[in-house]
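Asks: First the structure, which I've put down as structure tokens, then a few questions once you've had a look.
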Amino acid sequence: MNQKPSIILLAYCITLLFISCGDGDDKTEIPKRIEVTGSAEMEVSPDEIYMTFTIREYLDAGKKKVDLEVLKTEFLTLCKKVGVADSNISVSGYSGHERHDYYWYKRRKTEPDFMGSITYQIKANSSEKLDQIIAGLNEKAVENFSLIKTSHSNLVELRKEVKTNALKAAKLKAEYLAESIGEKVGEALLIQEIENSYVSDFSNMLMENAKVVHDSEDGSPTPSFEKIKLRYEIRADFRLK
């Protein structure tokens with residue numbers, strides 16, 4: 001019995017099946033889409049202000065050293081008086097110093113030859129409290145003080161708000177652009193935060209940068225801390241329908 005025609009027919013059917021499958025893959029539809037970028041900004045006044053104060057032993061009028069323990073108690077009492085909580089005060093350093101005229105008083109041995117110092121970091125929620133601390137400092141004991149940084153207690157939520165507004169701005173842009181060509185925006189295909197966003201918190205916001213002014217109660221301008229600036233950009237792709 002000759003089976004050759006049957007074999008040829010079977011091979012032909014298998015070939016048609018592969019061709020049909022290949023044609024289906026080639027017809028994958030690429031959706032129409034629109035890609036846009038949205039941005040949003042916010043400025044807030046800092047409610048967390050960090051400063052350091054270095055307190056150093058010194059000689060009183062009788063050439064007697066004022067002990068560091070006395071100066072520590074004096075400084076901490078001042079902080080408590082202006083309303084700075086103990087939890088917002090920390091020690092950031094200890095150090096000791098020889099006096100600049102070490103040779104002469106060492107020869108006389110009538111004065112102590114070593115001066116200790118301590119550095120405190122203070123976190124305050126307003127510049128007024130820091131002003132009160134500075135005004136009440138023992139001028140003979142304070143070696144230096146400086147602004148370290150400013151921040152905001154609700155910074156995480158503020159970031160979320162700005163990013164959300166940036167995404168809303170991206171969608172609004174996509175909608176009016178699509179409408180201009182008779183299209184409508186569908187679901188989002190991609191949402192991506194752009195890395196060149198800007199936040200000025202925890203940056204080098206030193207004293208010379210605190211130059212923004214506002215009116216005080218008596219109407220005179222007084223310096224205030226520079227506002228924290230948040231800016232974010234979001235890239236979004238939407239399907240067009």
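Asks: Which value, in Å² rounded to 10, gives the accessible area of Tyr232 with a 1.4 Å probe and all protein chains present?
Replies: Per-residue accessible area (Tyr232): approximately 10 Å².
Asks: Moving to a separate point now. Using a 1.4 Å probe on the protein heavy atoms only, what accessible surface does Asp86 show? Give it in Å² to the nearest 10.
Replies: Near enough 120 Å² of accessible area.
Asks: Under a Cβ-Cβ cut-off of 13 Å, what is the net charge of the residues other than Gly38 that fall near it, where Lys and Arg count +1 and Asp and Glu count -1?
Replies: Spelling it out: positives minus negatives among the neighbours equals 0.
Asks: Structure shown: which of Lys81/Lys229; Lys160/Lys227; Lys160/Lys229 lie over 25 Å apart, alpha-carbon to alpha-carbon?
Replies: Those over the limit are Lys81/Lys229.
Asks: For the stretch 124-169, what is the accessible area per residue in Å² when the probe is 1.4 Å?
Replies: That works out to 56 Å² per residue.
Asks: Okay, moving on. Mind grabbing the accessible area of Leu155 for me, 1.4 Å probe, Å², rounded to tens?
Replies: Around 10 Å² of this residue is reachable by solvent.
The values are calculated or read from the model by the stated rules, or taken from the named source; none is laboratory data. None of these values were measured; they are calculated from a predicted model. Positions of Cβ are generated from backbone atoms using ideal geometry, with glycine treated the same way; all protein chains shown enter the neighbour counts. The area values use the complete protein model at the heavy-atom level, side chains included, leaving out ligands, DNA and RNA. Shrake-Rupley method; radii C 1.70, N 1.55, O 1.52, S 1.80 Å.
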